[in-house]
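This report concerns only the one structure given below.
Taken together, the values in this text are just the output of simple stated rules run on the coordinates, not laboratory data. Everything numeric here is computed off the predicted structure, so don't read it as measured data. Every residue, glycine among them, receives a Cβ derived from its backbone with ideal geometry; neighbour counts consider all protein chains shown.
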Amino acid sequence: MSHKQFVGSPHLADAFHGGLGRHIGPAEDSIWQLENLNQAIGTVVWAHGIGDYAFRDFGVAMLERVLAGFPVRPSR
């Protein structure tokens with residue numbers, strides 16, 4: 001959701017995490033970044049493997065956001 005529904009809508013991320021009753025904290029920054037990299041790379045590889053090039057391109061965009069400094073954790 002961080003790379004689709006929440007892009008450009010930080011208030012949605014805040015509402016989502018508020019509803020869960022838990023926000024990602026500074027201690028989890030590295031894990032959050034690694035998870036986003038894992039999801040992005042997995043999306044690219046899987047989508048390419050099945051020939052879904054539009055979804056592959058979405059994964060590439062995810063990867064580019066993470067590498068460009070995508071928020072390590074959602075705002076509060």
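Relative to the Cα centre, what is the charge dipole magnitude of the chain, using +1 at the beta carbon of each Lys and Arg, -1 at the beta carbon of each Asp and Glu, and rounding to the nearest 20 debye?
That gives the chain a dipole magnitude of about 140 debye.
Using the Kirkwood radius built from alpha carbon pairs, what does the Stokes-Einstein equation give as D for the chain at 20 °C and 1.002 mPa s, in µm² per second? List each step's numbers first, then the result.
Working: Rh = 13.0 Å.
After rounding, the answer is 164 µm²/s.
Sorting check: for 6-14, 57-65, which peptide has the highest mean count of neighbouring beta carbons within 10 Å, and how do the rest follow?
Values: 6-14: 13.6, 57-65: 17.0.
Peptide ranking by packing, descending: 57-65, 6-14.
Can you tell me, using C-alpha contacts under 8 Å and at least 6 residues apart, the relative contact order of the chain as a whole percent?
38 percent
Work from the charge dipole of segment 13-76 (Cβ charges, +1 for Lys and Arg, -1 for Asp and Glu, about the Cα centre) and give the residue of ALA15, LEU63, ALA40 farthest towards its positive end.
Of the options given, the answer is ALA15.
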